[in-house]
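Everything below concerns the one structure shown next.
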Amino acid sequence: MEFPTANTVEAFRENLAAVRAKIERAAERAGRNASEVRLLPVSKTVPEERIRLAIAAGAHQLGENKVQEAKRKHANLIDEDVKWSIIGHLQTNKAKEVAAFASEFHALDSLRVAEALDRRLEMEGRSLDVYVQVNTSGEESKYGLEPGAVPGMLEALRGFETVNVKGLMTLAIFSDDKEAVRTCFQLLRRLRDEARDRDPALIGPGELSMGMSSDYEIAIEEGANVVRVGQAIFGARPTTDAYYWPSATAKQ
Ligand SMILES: *Cc1c(COP(=O)(O)O)cnc(C)c1O
């Protein structure tokens, strides 16, 4: 896929509009309303000067995979109207930083991290919207709970007042095989539906955070409520995916 780099506010407006148009068409194909799908632009690796252009073009909530990078951008862009979503795996020793400035966390994959977040959030007098990450591809390189661990995790999260469960999150398999990708999204939806059937109180609005530049249209057809899109808005990333997902083979 070709992802030209946006270097002006106008270019960002165009890229955002193009992605939104594709979101609308995918929703239409699935008989859904596009208003059920939130676009979360992902600004990882993008320098602050270019992020300012994207904000001016209307991106007021941004996803970042790494806490240190997000923290730096949050500080450098404190004068801007923008909120931050952490979308990558978190180590417990970084929970403190996420609790201090993030508004959402899309990659909750262990009870220990939830405990660490809860402790810090309580101190800060804040709360955090979270999505429980599930490994739907069975790939060892992927973070996330095994599908079978989802019910127990949701049950355990009931005890944390500061952690608001919004739904489930996944990364599909890295593959050109669209049906294999679709199967991952279908699994996440089934897990959400089963959780709702068991106890709707445990999964909040039951949203599905799934889909990125290469597969967000498929994700929407399968029920995505949040799509996390980076390269289709900001341009191709210089770093390979392996930097963000330890053993992912380059999939640019
Ligand atoms: C980088 C990233 C995305 C967006 O990927 P693009 O290819 O830039 O659209 C989505 N989700 C997560 C967890 C990411 O780290």
(request) May I ask you to list pairs of residues, at least six apart or on different chains, whose Cβ atoms are under 6 Å apart, with the first in segment 64-78 being farther than 15 Å from ALA95 by Cβ and the second being at pLDDT below 95? (result) ASN65/TYR244
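Only residues that are of a type in the set (Phe, Trp, Tyr) and part of a loop (DSSP other than H, G, I, E, B): list them for segment 131-145, please.
Just the residues of segment 131-145 that are of a type in the set (Phe, Trp, Tyr), to begin with: 131, 143.
Of everything in segment 131-145, just one residue is of a type in the set (Phe, Trp, Tyr) and part of a loop (DSSP other than H, G, I, E, B), namely TYR143.
Looking at GLU179, is it under 22 Å from GLU2 (Cα atoms), open to solvent by 50 Å² or more (accessible area, probe 1.4 Å) and either of a type outside the set (Lys, Arg) or outside any helix (DSSP H, G or I) (or both)? Please lay out each step first, then the result.
Values: under 22 Å from GLU2 (Cα atoms): yes; open to solvent by 50 Å² or more (accessible area, probe 1.4 Å): yes; either of a type outside the set (Lys, Arg) or outside any helix (DSSP H, G or I) (or both): yes.
The answer is yes for GLU179.
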(request) Report yes if PHE185 is touching a residue at least 24 places away in the same chain (Cβ under 8 Å), within 16 Å of the ligand (Cβ to nearest atom) and outside any loop (DSSP other than H, G, I, E, B), otherwise no. (result) yes
(request) Those residues that are modelled with pLDDT under 95, within 19 Å of ILE173 (Cβ to Cβ) and within 9 Å of the ligand (Cβ to nearest atom), I need them from segment 222-248; list them, please. (result) ASP241, TYR244, TRP245
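Might you let me know whether segment 200-215 holds any residue that is assigned to a loop (DSSP other than H, G, I, E, B) and touching a Cys at 6+ places or on another chain (Cβ under 7 Å)? Spell out how you get there, then give the answer.
Just the residues of segment 200-215 that are assigned to a loop (DSSP other than H, G, I, E, B), to begin with: 203-206, 210-215.
Now drop any that are not touching a Cys at 6+ places or on another chain (Cβ under 7 Å), which leaves none.
The answer is no, given that none of the residues of segment 200-215 is assigned to a loop (DSSP other than H, G, I, E, B) and touching a Cys at 6+ places or on another chain (Cβ under 7 Å).
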(message) Restricting to segment 107-130, give me the number of residues that are open to solvent by 30 Å² or more (accessible area, probe 1.4 Å) and in a loop (DSSP other than H, G, I, E, B).
(response) 4
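Please go through segment 61-81 and give me each residue that is among the β-branched types (Val, Ile, Thr) and more than 14 Å from the ligand (Cβ to nearest atom), ordered by number.
Hit for segment 61-81 is ILE78, nothing else.
Which members of segment 82-96 meet the condition of being within 16 Å of the ligand (Cβ to nearest atom) and under 14 Å from LEU62 (Cβ atoms)? I'd like the intermediate steps shown before the answer.
Looking only at segment 82-96, we keep the residues that are within 16 Å of the ligand (Cβ to nearest atom), and these are 84-91, 94.
Result: TRP84, SER85, ILE86, ILE87, GLY88.
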(request) Return the residue satisfying two criteria in turn: it lies in segment 97-106 and is under 16 Å from the mean Cα position of the chain (by Cα) and buried (at least 22 other Cβ atoms within 10 Å of the Cβ), and of such residues it is nearest to the ligand (Cβ to nearest atom). (result) HIS106
(message) Of all residues being touching a helix residue (DSSP H, G or I) at 6+ places or on another chain (Cβ under 8 Å) and in a helix (DSSP H, G or I) in segment 146-176, which is most open to solvent (accessible area, probe 1.4 Å)? Just the residue, please.
(response) GLU155
(request) Take the residues in segment 23-50 that are basic (Lys, Arg) and within 16 Å of the chain's Cα centre (by Cα), then tell me which one is farthest from ALA75 (Cα to Cα). (result) ARG38
(request) List every residue pair whose Cβ atoms lie under 7 Å apart, where the two residues are 6 or more positions apart in sequence or sit on different chains, the first residue falls within segment 216-233 and is over 18 Å from GLY63 (Cα atoms), and the second residue, located anywhere, is assigned to a strand (DSSP E or B) and more than 8 Å from the ligand (Cβ to nearest atom). (result) ILE220/VAL227; GLY223/LEU208
(request) Return the total of residues in segment 182-203 being surrounded by 17 or more Cβ atoms within 10 Å (Cβ to Cβ) and within 20 Å of ASP129 (Cβ to Cβ). (result) 7
(message) I'm trying to understand the selection: among the residues of segment 39-82, which are acidic (Asp, Glu) and either open to solvent by less than 40 Å² (accessible area, probe 1.4 Å) or in a helix (DSSP H, G or I) (or both)?
(response) GLU48, GLU49, GLU64, GLU69
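The values are calculated or read from the model by the stated rules, or taken from the named source; none is laboratory data. Here the structure is a predicted model, which means the values were calculated and not measured. Glycine also receives a Cβ, built like all others from the backbone with ideal geometry; neighbour counts cover every protein chain displayed. These accessible areas exclude ligands, DNA and RNA; they are computed on the full protein's heavy atoms, side chains included. Shrake-Rupley method; radii C 1.70, N 1.55, O 1.52, S 1.80 Å.
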